Amino acid sequence: MVGVRPARTNPDHDQETSMRMPAGTAVATGVGAAGAAAFAGLWQAEARLRQTCLPAESLGACLSPRLPLLLIWPLLVTAVGWGALRWARAPRAAGAAGCGAVTTAGALLLYEAFHPGWVPPPVGLAALLGAAGFAAGVAVILAPLRAAVRVPLILALLVPHAVAPVLDRSTQRADLERRLTAAALPLLVPDLAGWRVTGVVVRDRERVSTMVTNGSRNVVIATVRLPADFRPPQRCGPFDFPVPDLPVPPSQPCRPVAADHWVRDGDGTTAHLLRRDDALLTVKRAIGVAGSADLAAVAGALVEVSPRRLAELGSR
């Protein structure tokens, strides 16, 4: 009878791995903390620019060199983490750095999922998440564990990546519903086959812009409080919010189509104007190839929906 040979082990290698794991984890933890803190700082600067920039000034008014840097920053931090682990002579350095970066990204995504809008975490919190994420990810890869234990732990570290998108949609939808309710404006969408809501923007409780799309045809329904100088058919806007340092567009005439419904052709593009109590809706072409027939169809098929319903349509 032939016996089964036990698997060969290298006690010196296992002991060396165990000794280097704390040093490697400590080095990677520092890299993760510094990388996440710098990422949050860049993110905050970019968010401030987005809040203050004026897109009408120039085509690139809202672009900065930080944007591409933010996109590649996780790769840079992973590369630095790998280099630091190699310097510390830690085994499986590439896998450990990658797992640490993925874990940190999951923690940041989970934070973001509970905050509406594009809200970067505080630098201190980002550093803490980066340190914890890299420490956990690196420890899982470097620890002398059996595959039956290591694999479930790695999958557990990936859970935030699966949960965060679901939580984020719920957070954004609740925030949009809250802002639509606060605006207290009539909310209308077309009850028309093929047309769907693709975006909703609320600005300062004074304007709601709803983008509706049918293929490549895009139409914006802009709702504002009825302007004091709205006097159809002589004075019919445009009533867009003024942009600082740019001249206010002159009011254009319009022609009646039906009760509380006019068409304005004087500003270079056709727009349908509809009055709803103390609000004015402007249905106009956005990017794409929407024509006059599309505008007329959308303007003639508008139905009012609740803030909750519009938030559901706008956050799919």
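The table below gives the values:
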| item | result |
| --- | --- |
| Whole-number accessible area per residue in Å² for region 20-144, which is evaluated in the context of all protein chains at 1.4 Å | 47 Å² |
| Accessible-area composition of region 68-137, carbon plus sulfur, in percent [1.4 Å probe] | 81 percent |
| FRET efficiency estimate (nearest 0.05) - Cβ-Cβ, R309 to D175, R0 22 angstrom | 0.90 |
| Full-extension gain in nm, R225 to R66, via 0.36 nm per residue minus C-alpha separation | 53.5 nm |
| In order through region 199-212: 3J(HN,Hα) via Karplus (6.51 cos²θ - 1.76 cosθ + 1.60), integer Hz, x for Gly, Pro | x, 9, 10, 10, 10, 6, 6, 10, 8, 10, 10, 10, 8, 10 |
| Projected label distance in nm at S216 and L145, using a 7 Å step from Cα toward the beta-carbon | 5.1 nm |
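The values are calculated or read from the model by the stated rules, or taken from the named source; none is laboratory data. A quick note: this is a predicted structure, and the numbers were derived from the prediction, not measured. Neighbour counts are summed over all protein chains in view; Cβ atoms, including those assigned to glycine, are modelled from backbone coordinates with ideal geometry. To get the accessible areas, we keep the full protein, side chains included, count just its heavy atoms, and leave off ligands, DNA and RNA. Shrake-Rupley method; radii C 1.70, N 1.55, O 1.52, S 1.80 Å.
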